[in-house]
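In what follows, a structure is listed as structure tokens, so that the remarks can point back to it.
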Amino acid sequence: MTVSYGARANEDAIRNLVQNVATLAAVTISPTDPNGVALSSALNQRLTVNLGAPGQQTITDIETDIANAQTSMQAAKTRHQQATSSLNDFLQQIDGVSNEDVGAKLLTLQTRMQASLQITSLLSQISLVNYLK
């Protein structure tokens, strides 16, 4: 699984936002200017249009991309934790067994095999003569 994520300072959305905020910060309107309200309104209107122009990348787009990458990474992390837990349990079943347990299980298996072979031997000797005895 490959997850690409990140943001650069010169991405369209970030650059556009910084340019518009810088324009807003650079323009000073005197409170005594009779056209100040109209100038401020026109400036705000143009900057608002620049920030929300259709077809342009927005900060929300960048946030969404990073959130999707974060969700994918969290899902991968969860899968890795589950796999690690399963493998650790499996390893514990192999490494964590005492020699006494192994010996007891082998002895039990040997006893079962001997009983099975003895029964098979007895079944192979069955005949009508032996049955009548």
Can you find a residue that is within 22 Å of the chain's Cα centre (by Cα) and surrounded by 10 or more Cβ atoms within 10 Å (Cβ to Cβ) anywhere in the stretch 89-104?
yes
Just the residues that are closer than 19 Å to ILE59 by Cβ, polar (S, T, N, Q) and surrounded by 12 or more Cβ atoms within 10 Å (Cβ to Cβ), please, taken from the stretch 20-46.
ASN20, THR23
By residue number, the members of the stretch 76-92 that are among the small types (Gly, Ala, Ser) and without any contact (Cβ under 8 Å) to a residue 24 or more places away in the chain are ALA83, SER85, SER86
For the stretch 81-90, state whether one or more residues are of a type in the set (S, T, N, Q), assigned by TED's automatic domain parsing to the domain that holds MET1 and under 20 Å from THR2 (Cβ atoms).
yes
Does the stretch 68-75 include one or more residues that are assigned by TED's automatic domain parsing to the domain that holds ALA7, touching a residue at least 60 places away in the same chain (Cβ under 8 Å), surrounded by 10 or more Cβ atoms within 10 Å (Cβ to Cβ) and not polar (S, T, N, Q)?
yes
For the stretch 1-18, check the following and say yes or no: at least one residue is touching a residue at least 40 places away in the same chain (Cβ under 8 Å), under 30 Å from ARG79 (Cα atoms), exposed (fewer than 11 other Cβ atoms within 10 Å of the Cβ) and hydrophobic (A, V, I, L, M, F, W, C).
yes
From ASN68, ASN50, which residue is over 24 Å from the mean Cα position of the chain (by Cα) and either under 30 Å from LYS105 (Cα atoms) or polar (S, T, N, Q) (or both)?
ASN50
Given the conditions (1) in the same structural domain as TYR5 (by TED's automatic domain parsing); (2) part of a helix (DSSP H, G or I), every one holds for SER30 apart from (2)
Out of ILE94, ILE119, ILE66, which single residue is closer than 30 Å to ASP12 by Cβ and either outside any loop (DSSP other than H, G, I, E, B) or aromatic (Phe, Trp, Tyr) (or both)?
ILE66
Taking into account only those residues within the stretch 1-27 that are in a helix (DSSP H, G or I) and not hydrophobic (A, V, I, L, M, F, W, C), which is farthest from ALA69 (Cα to Cα)?
THR23
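The values are calculated or read from the model by the stated rules, or taken from the named source; none is laboratory data. All figures in this text were calculated on a predicted structure; none of them were measured in a lab. Every residue, glycine as well, gets a Cβ built from its backbone with ideal geometry; the counts of neighbours run over all protein chains shown.
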